[in-house]
Amino acid sequence: MSFDLLVQALIDGILIGGVYAAIGLGLSIAYGVMGVVNWAHGEVLMVSLYISIYLTKYAGFDPYLTALVNIAVMGAAGYCLQKAAFNKLINRGGVAWRDILLFTAGMSMFLQALFNMIFGAEVKSVNTRYSGMLQLGSIMISKPKTISFLLAVVCCAGLFFLIQKTEMGRSLRATAQDRNTAQLMGINANQVYCLCFAISLAMVGLSAALLTPFYSVSPYVGASFCFKSFIIVALGGRGNIPGAMVAGVLIGIIEKFGGVLMGDKIAQIIIYLLFILILLVLPNGLMVRKKKG
């Protein structure tokens with residue numbers, strides 16, 4: 001096995017890992033602020049991929065500009081879904097997490113069946129002007145993956161600024177730390193939750209546009225991304241944006257680099273073993289510091 005092939009796999013893992021991070025970050029934000037486990041996270045990505053691919057193929061959109069449509073559509077869907085359903089479930093208290101988990105699991109199966117009925121089970125993809133490879137010496141690097149990685153980093157940095165430096169971000173962080181105290185300080189927790197889930201699904205819509213130039217879609221493509229997102233949340237820590245970036249890149253490296261060394265199936269097993277190990281040893285994630293005292 002050549003050294004160039006290993007370097008190429010490592011670079012490919014880093015590039016796809018940045019997109020994985022953007023996908024997982026949507027789930028991380030929702031779980032970190034509200035404790036909502038969205039089992040339909042992958043299916044939302046699947047719906048967004050269909051939107052991006054059909055807009056690119058039939059409406060002549062640039063694949064990356066479909067992000068604007070996806071962000072608007074998915075953000076609005078997230079806001080309305082949180083306001084109409086999830087807020088009511090959360091306000092029940094007690095075992096609300098169980099009700100939300102069952103609700104989103106049902107939504108996942110519904111979306112799979114609906115899109116299978118509408119579009120069929122065949123895989124769909126689109127060719128774009130971004131297709132092709134960049135050559136650095138003897139190493140070949142995917143052009144669309146490079147662009148998508150850079151856009152993912154910029155968007156994750158923008159979200160980090162929003163969470164850390166704006167009034168909305170302060171409301172999100174305050175509600176995540178202690179909902180009751182935040183409400184006493186005049187924060188409308190239900191409204192914050194609606195904005196939070198809108199951001200969560202908007203990030204998924206954005207991620208679908210980043211995947212469109214080099215990824216195909218079917219009604220069942222969401223499952224693998226859903227599990228990867230849960231692993232990113234576990235590794236990076238819930239609501240931790242830098243942690244999600246590190247975790248996404250780590251998963252991408254293991255998937256691609258490990259796939260070259262040991263095969264794709266073994267690489268996937270390693271990812272899930274790492275997930276289990278982190279849950280047992282560092283349940284708050286790799287990037288979460290322990291409080292002193």
* Scan segment 214-229 for residues that are over 16 Å from S28 (Cα atoms) and open to solvent by 10 Å² or more (accessible area, probe 1.4 Å) and jot them down. => F214, Y215, S216, S218, Y220, V221, A223, S224
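So that you can scan it fast, the table gives a plain yes or no per residue for (1) at pLDDT below 95; (2) of a type outside the set (G, A, S); (3) within 30 Å of L6 (Cβ to Cβ):
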position	(1), (2), (3)
L150	no, yes, yes
T166	yes, yes, no
L172	yes, yes, no
G186	yes, no, no
A189	yes, no, no
A198	no, no, no
M203	no, yes, no
L210	no, yes, yes
F214	yes, yes, yes
* Go over the candidates M133, M140 one by one and state the one that is open to solvent by 30 Å² or more (accessible area, probe 1.4 Å) and in contact with a Leu (Cβ under 8 Å, 6 or more places away or on another chain). => M140
* Residues in segment 96-108: is at least one surrounded by fewer than 16 Cβ atoms within 10 Å (Cβ to Cβ), at pLDDT 90 or above and hydrophobic (A, V, I, L, M, F, W, C)? -> yes
* To do: Can you confirm whether segment 54-64 contains a residue that is under 16 Å from L151 (Cβ atoms), open to solvent by 70 Å² or more (accessible area, probe 1.4 Å) and either outside any helix (DSSP H, G or I) or touching a Ser or Thr at 6+ places or on another chain (Cβ under 7 Å) (or both)?
  => yes
* Subset of segment 232-251 that is under 16 Å from A267 (Cα atoms) and surrounded by fewer than 24 Cβ atoms within 10 Å (Cβ to Cβ) - its residue that is nearest to the chain's Cα centre (by Cα) -> V249
* Test for L25: is it under 12 Å from the mean Cα position of the chain (by Cα), closer than 16 Å to S148 by Cα and either modelled with pLDDT of 95 or more or in a loop (DSSP other than H, G, I, E, B) (or both) -> no
* Structure fact -> Restricting attention to segment 150-180, the residues that are open to solvent by less than 40 Å² (accessible area, probe 1.4 Å) and not small (G, A, S) number exactly 6
* (1) aromatic (F, W, Y); (2) open to solvent by 20 Å² or more (accessible area, probe 1.4 Å); (3) farther than 22 Å from R98 by Cα: which one isn't true of W39, the others all being true? -> (3)
* Asked: Is at least one residue of segment 66-88 open to solvent by less than 60 Å² (accessible area, probe 1.4 Å) and over 24 Å from W39 (Cα atoms)?
  -> yes
* Go through S52, S138 for me and flag whichever is among the small types (G, A, S) and closer than 25 Å to A9 by Cα. => S138
* Structure fact -> Just one listed residue, out of F149, F115, F103, F119, is without any contact (Cβ under 8 Å) to a residue 40 or more places away in the chain, within 23 Å of G42 (Cβ to Cβ) and in contact with a helix residue (DSSP H, G or I) (Cβ under 8 Å, 6 or more places away or on another chain), and it is F103
* Can you find a residue in segment 217-232 that is farther than 30 Å from Q164 by Cα and touching a strand residue (DSSP E or B) at 6+ places or on another chain (Cβ under 6 Å)? -> yes
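The values are calculated or read from the model by the stated rules, or taken from the named source; none is laboratory data. Since this is a predicted model, take the numbers as computed values, not measurements. So basically every Cβ, Gly included, is an ideal-geometry build from the backbone, and we count neighbours across all protein chains shown. These area figures cover heavy atoms from the full protein model, side chains too; ligands, DNA and RNA do not enter into them. Shrake-Rupley method; radii C 1.70, N 1.55, O 1.52, S 1.80 Å.
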